[in-house]
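**Student:** I am attaching a structure below and will ask some questions about it afterwards.
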Amino acid sequence: MGKSVAVIIGIVIIVASLILIPSLAYLLVALGVIIIVLPFVMSYLVSVRREKEKESKFLEFIRELAESVRSGTPIGKSILAVSRKDLGSLTPHVQKLANQISFGITLKQALRTFAKDTRSEVISRTVELIIQAESSGGNIGSALTAAVKSVSQIEKLRKERKAQVYGMMIQGYVIFFIFVAIMLFVQIKFLPLISSAMLGSGSVAGLSLQGTAFNVIKNTFIYLLLIQAFFAGLVIGKLSEGSMKHGIKHSVILVVISYVLVAISKVLV
């Protein structure tokens, strides 16, 4: 489903639910929002997966390059040879690098263009190390070997950190869902009990609470829940993958689940 089509369908569902089926508006609005947001989220997740694959394949690329250079092949010819191999999502970038070298573009310029195109900090740092070694007339083979060790260590540390904080990520989800349960209990059971008690006493405050103020309080609970879901997702992403941008997928998951739960609770109650 294209993004523009998803947006149109989502808007139609939202508008139709508000006009034609107001009793199910919360649930259908949630469905419409999910349909609108889902293609953008999926596109983002695919880009994140490709970024990780590029860094993983880059390790394979420089390892092959280092072996070729150590065997006595110039780095330019080594790049041309390695570019014929399948390197997944990194393949187009490596082929572009090889083409630029074939057209006579300097190795430094071609490598920097390669690093810029991949949009990866790990690749950019490693490429800069190779460029400095080549510019200073140093042993490019040793520089490539050092780069292989550096990238390997980064990947190893990233995997170790992810394994170590997996329990913390699960704990974050559990704590959030406990928070959701408490918020729903307060909204569905506790607030109506207070309102009924105040109405039973015939107080003016009770009548006011039953009206606009009561709805404001209920909506405030919903807003707090969605805000908590968004920031809890960012924190989970920071803990598990070291970057808040990777927490966006967790934020979307938690926000959608929270909204759907609230919508279902409103329909049932």
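The values are calculated or read from the model by the stated rules, or taken from the named source; none is laboratory data. In this text, all values refer to a predicted model and were calculated from it rather than measured experimentally. Quick reminder, even Gly has a Cβ in these numbers, built from the backbone with ideal geometry, and neighbours come from all protein chains shown.
**Student:** Which residue pairs have Cβ atoms closer than 7 Å, lie 6 or more positions apart in sequence or on different chains, and pair a first residue in the range 1-13 that is at pLDDT below 80 with a second residue that is assigned to a helix (DSSP H, G or I) and among the β-branched types (Val, Ile, Thr)?
**Tutor:** 6/35; 6/36; 7/36; 10/33; 10/35; 10/36
**Student:** Check residue 129 against each of (1) in contact with a helix residue (DSSP H, G or I) (Cβ under 8 Å, 6 or more places away or on another chain); (2) more than 18 Å from residue 61 (Cβ to Cβ); (3) at pLDDT below 80 and name the one condition it does not meet.
**Tutor:** Against the list (1) in contact with a helix residue (DSSP H, G or I) (Cβ under 8 Å, 6 or more places away or on another chain); (2) more than 18 Å from residue 61 (Cβ to Cβ); (3) at pLDDT below 80, residue 129 comes up short only on (2).
**Student:** Can you name every residue in the range 110-137 that is of a type outside the set (A, V, I, L, M), under 14 Å from residue 55 (Cβ atoms), assigned to a helix (DSSP H, G or I) and out of contact with any His (no Cβ under 6 Å at 6 or more places or on another chain)?
**Tutor:** Initially, the range 110-137 is screened for residues of a type outside the set (A, V, I, L, M), giving 112-114, 116-121, 124-126, 128, 132, 134-137.
Adding the requirement that they be under 14 Å from residue 55 (Cβ atoms) leaves 114, 117-121, 124-126.
The next check asks that each one be assigned to a helix (DSSP H, G or I); those that pass are 114, 117-118, 121, 124-126.
Of everything in the range 110-137, those that are of a type outside the set (A, V, I, L, M), under 14 Å from residue 55 (Cβ atoms), assigned to a helix (DSSP H, G or I) and out of contact with any His (no Cβ under 6 Å at 6 or more places or on another chain) turn out to be 121, 124, 125, 126.
**Student:** Just a yes or no: is a residue in the range 89-109 in a loop (DSSP other than H, G, I, E, B), out of contact with any Ser or Thr (no Cβ under 8 Å at 6 or more places or on another chain), surrounded by 14 or more Cβ atoms within 10 Å (Cβ to Cβ) and not hydrophobic (A, V, I, L, M, F, W, C)?
**Tutor:** There is no residue in the range 89-109 that is in a loop (DSSP other than H, G, I, E, B), out of contact with any Ser or Thr (no Cβ under 8 Å at 6 or more places or on another chain), surrounded by 14 or more Cβ atoms within 10 Å (Cβ to Cβ) and not hydrophobic (A, V, I, L, M, F, W, C).
**Student:** Which of the residues spanning the range 51-97 are in contact (Cβ under 8 Å) with a residue 40 or more places away in the chain, charged (D, E, K, R) and within 14 Å of residue 126 (Cβ to Cβ)? Spell out the reasoning first.
**Tutor:** Start the filter on the range 51-97 by keeping residues that are in contact (Cβ under 8 Å) with a residue 40 or more places away in the chain, which leaves 51, 54-56, 58-59, 62-63, 65-66, 69-70, 75.
Then drop every residue that is not charged (D, E, K, R), which leaves 51, 54-55, 63, 70.
Matches in the range 51-97: 54, 55, 63.
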